[in-house]
Amino acid sequence: MKKFITGISLTLIMLLPKLASSQKPLFSLGAELAFPAVNYSETGNSGIGGSVRMEHPWSKHVSGLISVEYVQYTTREIKEFFHQQFSILPIQFGIKYYTKERGIYPAGFYLSAELGFAGEFYRYSFTDPYNNSIDDHHDTYVGLCNTMGAGYQLGIIDAGFRFQTLISVNTGITTYYNFRLAFTIR
């Protein structure tokens, strides 16, 4: 655990070189709407969730990001008494580029890229129709994740679209489209 905390601390120090500068970070709270993509679209359902993001200005066009989100996908019936539920918790570090030079606060069209780790949580339940019992099974995996996105910042409203990819040794590659509507706290 100490190695994990040390690793996170070193990553933060490397990714946020101007944390001690006079520019203040911005925080945003957002609602997430996710739709499965590529191979996951055949087996997955849509999901909803929320996110918290810290954005720290590095220059007039570039900001550093730290984001944590949680998305819960709707329960899916695989077979007649067998259900699957999937949720994900990505923690990502990244960069955001504004096409318009920022004033005091960022505004306009932006592009973003993030990289991090994600916890994947699976719940499988089987209902036995003969004796009315439910058998639950839970699996948890940790993998790498990355995302590329675009959006528009208008005042305190941040609307964005991202393509999220999760890579795990146990589950392979999972991809989804993510729409985010957030309110910025200044």
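One line per residue, one yes/no per condition, for (1) without any contact (Cβ under 8 Å) to a residue 60 or more places away in the chain; (2) over 18 Å from Thr174 (Cα atoms); (3) among the hydroxyl-bearing types (Ser, Thr, Tyr):
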{"position": "Gly49", "(1), (2), (3)": "yes, no, no"}
{"position": "Leu65", "(1), (2), (3)": "yes, yes, no"}
{"position": "Ser87", "(1), (2), (3)": "yes, no, yes"}
{"position": "Gln92", "(1), (2), (3)": "yes, no, no"}
{"position": "Tyr105", "(1), (2), (3)": "no, yes, yes"}
{"position": "Phe109", "(1), (2), (3)": "yes, yes, no"}
{"position": "Leu115", "(1), (2), (3)": "yes, no, no"}
{"position": "Ile134", "(1), (2), (3)": "yes, yes, no"}
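Among the residues making up region 67-85, those that are free of Cβ contacts under 8 Å to residues at least 12 places away in the same chain and acidic (Asp, Glu) are Glu77, Glu80.
Of all residues in region 99-139, exactly one satisfies the criterion of being part of a loop (DSSP other than H, G, I, E, B), of a type in the set (Gly, Ala, Ser) and open to solvent by less than 50 Å² (accessible area, probe 1.4 Å), namely Ala107. Within region 149-179, the residues that satisfy the criterion of being hydrophobic (A, V, I, L, M, F, W, C) and either open to solvent by less than 70 Å² (accessible area, probe 1.4 Å) or within 11 Å of the chain's Cα centre (by Cα) (or both) are Ala150, Ile157, Ala159, Phe163, Leu166, Phe179.
When you look at Thr184, is it open to solvent by less than 90 Å² (accessible area, probe 1.4 Å), β-branched (Val, Ile, Thr), more than 19 Å from Gly47 (Cβ to Cβ) and touching a residue at least 40 places away in the same chain (Cβ under 8 Å), yes or no? Considered against the rule, which asks whether it is open to solvent by less than 90 Å² (accessible area, probe 1.4 Å), β-branched (Val, Ile, Thr), more than 19 Å from Gly47 (Cβ to Cβ) and touching a residue at least 40 places away in the same chain (Cβ under 8 Å), Thr184 comes out as yes.
May I ask you to list the residues in region 33-82 that are modelled with pLDDT of 75 or more and not in a strand (DSSP E or B)? Listed by number, the residues that qualify are Asn45, Ser46, Trp58, Ser59, Lys60, His61, Thr74.
The values are calculated or read from the model by the stated rules, or taken from the named source; none is laboratory data. Just so it is clear, the model here is predicted, and its values are computed rather than measured. Neighbour counts run over all protein chains shown; Cβ positions are idealised from the backbone, glycine included. Each accessible area value is taken on the protein alone, full model and side chains, heavy atoms only, with ligands, DNA and RNA left out. Shrake-Rupley method; radii C 1.70, N 1.55, O 1.52, S 1.80 Å.
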